[in-house]
Amino acid sequence: MSLFRMAAASALVFGMVLPAAAQGIPKVQTPEEVGFLSTRLKNIGDRINEGVKNNELPGAVVLIVRNGKIVMFDSFGFRDKEAKVAMTNDTIFRIASMTKPIVTVAAMILMEDGKITLADPVSRYIPAFADTKVVTPKNKDDGTVEYVPEPQARPMTVQDLMRHTSGLTYAAIGANPIKQSYVDMKVAERGQTNAEMADKLAKLGLLYQPGTTWEYSMSTDVLGRVVEVASGMPLDKFIEERITKPLKMGDTAFEVSADKKARGAKPMKEGPKNELPSIPDVTEKFTWRSGGGGMVSTAADYARFLQMFANGGQLDGVRLISRKTIDLMTADALPPDVKMGADMFRFEALEPSGRMGQGFGLGFAIRTDVGRNPLPGTPGDYYWGGAYGTYFWHDPKEHLYVVFMMQSPAAHLRYRYLMRDLVYQAMVN
């Protein structure tokens, strides 16, 4: 094999840097230029390659930007491990809950247009929510539990949807009758419209009184319906017109066209049963435009979205939202007396609680303290991820953001922790 072919093969397996940069974001001459050590950055690739070798994950893309310049943009392992197709920087991923910040920005655009306010009751846009009851467990004298429907003490608001204090939840099979009712009513059925989804949820009970409890939920799905009603447009069309086209995020949508199918990342068999996770192909189209988790994207596209935040709401001369809107989104929006939902401990170090030194803004979690959390970071940094494995964080005080893309539900928490550790250990100035 020629030296050229050997170099090309190595780039495919161990990391491939796009020429010029990620869609208009310039690349540093050396990482040292922006306070990173090249020798320490190598630890990131070494650890991911080790994980690929040990079947922890099929492959990944890492994009690190500091001071508006790309420090690292590399791909590792396999886009499709079974077919032995190498990961590349332009691979398209199902980003699951990394959809939530995009849909929240869509709602903030409507706020700036004067179409909604965050204090509005959700029932202004979806009238059925005015009558939605809170189902409260009551202990009876005989030791059993009775679930009693009660009126909302105050209406669920648009802000509640953005910060997950709406009283809504996610479907789960088990003893909780509200979560089970989501399963029974098929609230996440992919053949429904957003209007049908919202109508189903409004007929079911709330798990908590609005504003009292952080419960990760279908709130952003309902927010997507609010965007539709307030804008008079389908959610996907509004996002395309007002966010992805202006920001030139050409691979970000609810699905991509058939000619991009080969660029879609595939999961590998994993978990205790060694089964393929149920992750839809990036070209698969669903009627339901899930505002909470339905989109696809690339590392480069999502970097443009984050660079817009880093620039105070604009990118390449296009103003998307105002600086003050970003200030509002990236502040801790949780009340000081907020409770965590009964099983929110499953978020571990990512739980947005005071005991973890974190809160929740509008669309993502917010770091509030340095030492309470086991992961490195800076007060004011914000982040979120998707259940399929994707993750981002933005540390404004360090002028840093990171996009990490993989399709491995089983490894998602582990690699979020590792990425925090490995990126900050490489930053020395």
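The values are calculated or read from the model by the stated rules, or taken from the named source; none is laboratory data. Since this is a predicted model, take the numbers as computed values, not measurements. Neighbour counts are summed over all protein chains in view; Cβ atoms, including those assigned to glycine, are modelled from backbone coordinates with ideal geometry.
It is to be established whether one or more residues within the stretch 177-187 are of a type in the set (Lys, Arg) and surrounded by fewer than 15 Cβ atoms within 10 Å (Cβ to Cβ). Quick ask: steps written out before the conclusion?
Residues of the stretch 177-187 of a type in the set (Lys, Arg): 179, 186.
Checking which are surrounded by fewer than 15 Cβ atoms within 10 Å (Cβ to Cβ) leaves us with 186.
Scanning the stretch 177-187, I find at least one residue that is of a type in the set (Lys, Arg) and surrounded by fewer than 15 Cβ atoms within 10 Å (Cβ to Cβ), so the answer is yes.
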Filtered residue count, the stretch 259-280, keeping only those that are within 25 Å of residue 63 (Cβ to Cβ) and exposed (fewer than 15 other Cβ atoms within 10 Å of the Cβ): 3
Residue that is nearest to the chain's Cα centre (by Cα) [pool: residues in the stretch 229-258 that are small (Gly, Ala, Ser) and either surrounded by 17 or more Cβ atoms within 10 Å (Cβ to Cβ) or under 27 Å from residue 120 (Cβ atoms) (or both)]: 253
Single condition residue 407 does not satisfy, out of (1) over 27 Å from residue 160 (Cα atoms); (2) of a type outside the set (A, V, I, L, M, F, W, C); (3) more than 14 Å from the chain's Cα centre (by Cα); (4) outside any helix (DSSP H, G or I): (3)
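Please enumerate the residues belonging to the stretch 143-187 that are β-branched (Val, Ile, Thr), in a loop (DSSP other than H, G, I, E, B) and either on the phi > 0 side of the Ramachandran plot or over 25 Å from the mean Cα position of the chain (by Cα) (or both).
At the first step, the residues of the stretch 143-187 found to be β-branched (Val, Ile, Thr) are 144-145, 148, 157-158, 165, 169, 173, 178, 183, 187.
Within this subset, residues satisfying the condition of being in a loop (DSSP other than H, G, I, E, B) are 144, 165, 169, 173, 187.
The one that is β-branched (Val, Ile, Thr), in a loop (DSSP other than H, G, I, E, B) and either on the phi > 0 side of the Ramachandran plot or over 25 Å from the mean Cα position of the chain (by Cα) (or both): 144.
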Breaking point among (1) over 30 Å from residue 337 (Cα atoms); (2) in a loop (DSSP other than H, G, I, E, B), for residue 211: (1)
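Conditions tested, residue by residue: (1) part of a strand (DSSP E or B); (2) under 28 Å from residue 279 (Cα atoms); (3) not charged (D, E, K, R).
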| site | (1), (2), (3) |
| --- | --- |
| 296 | yes, yes, yes |
| 302 | no, yes, yes |
| 321 | no, no, yes |
| 326 | no, no, yes |
| 348 | no, yes, no |
| 355 | no, no, no |
| 369 | no, no, no |
| 377 | no, no, yes |
Residue 138, sole failed condition from (1) in a strand (DSSP E or B); (2) under 28 Å from residue 308 (Cβ atoms): (2)
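Please state which one of 162, 185 is at pLDDT 95 or above, closer than 28 Å to residue 365 by Cβ and not β-branched (Val, Ile, Thr). Before you say what the answer is, go through the steps one by one.
Details: 185 fails: closer than 28 Å to residue 365 by Cβ.
Only one candidate qualifies: 162.
Only one residue in 84, 133 is farther than 30 Å from residue 308 by Cβ and either among the acidic types (Asp, Glu) or in contact with a Gly (Cβ under 9 Å, 6 or more places away or on another chain) (or both). Which one? Lay out the reasoning, then the answer.
On the way: 84 fails: either among the acidic types (Asp, Glu) or in contact with a Gly (Cβ under 9 Å, 6 or more places away or on another chain) (or both).
Exactly one of 84, 133 is farther than 30 Å from residue 308 by Cβ and either among the acidic types (Asp, Glu) or in contact with a Gly (Cβ under 9 Å, 6 or more places away or on another chain) (or both), namely 133.
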Residue 312, sole failed condition from (1) in contact with a helix residue (DSSP H, G or I) (Cβ under 7 Å, 6 or more places away or on another chain); (2) assigned to a helix (DSSP H, G or I); (3) surrounded by fewer than 22 Cβ atoms within 10 Å (Cβ to Cβ): (2)
Index of the failed condition, residue 147 passing every other in (1) among the hydroxyl-bearing types (Ser, Thr, Tyr); (2) touching a strand residue (DSSP E or B) at 6+ places or on another chain (Cβ under 9 Å); (3) crowded, with 20+ Cβ neighbours inside 10 Å: (3)
Single condition residue 197 does not satisfy, out of (1) among the aliphatic types (A, V, I, L, M); (2) at pLDDT below 95; (3) touching a helix residue (DSSP H, G or I) at 6+ places or on another chain (Cβ under 7 Å): (2)
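Among the residues of the stretch 4-53, which ones are among the hydrophobic types (A, V, I, L, M, F, W, C), farther than 17 Å from residue 88 by Cα and at pLDDT 95 or above? Don't jump to the end; show me each part of the working.
Narrowing the stretch 4-53 to residues among the hydrophobic types (A, V, I, L, M, F, W, C): 4, 6-9, 11-14, 16-18, 20-22, 25, 28, 34, 36-37, 41, 44, 48, 52.
Add one more test, that the residue is farther than 17 Å from residue 88 by Cα, and what stays is 4, 25, 28, 34, 36-37, 41.
Of everything in the stretch 4-53, those that are among the hydrophobic types (A, V, I, L, M, F, W, C), farther than 17 Å from residue 88 by Cα and at pLDDT 95 or above turn out to be 28, 34, 36, 37, 41.
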Where a residue in the stretch 135-156 is touching a residue at least 60 places away in the same chain (Cβ under 8 Å) and closer than 15 Å to residue 168 by Cα and its partner, wherever it lies, is outside any strand (DSSP E or B) and among the hydrophobic types (A, V, I, L, M, F, W, C), with Cβ under 7 Å and at least six apart: 135/178
Contacts under 7 angstrom Cβ, first residue in the stretch 256-269 being over 12 Å from residue 80 (Cβ atoms) and aliphatic (A, V, I, L, M), partner surrounded by fewer than 18 Cβ atoms within 10 Å (Cβ to Cβ) and at pLDDT 95 or above, 6 or more apart: 256/283; 258/283
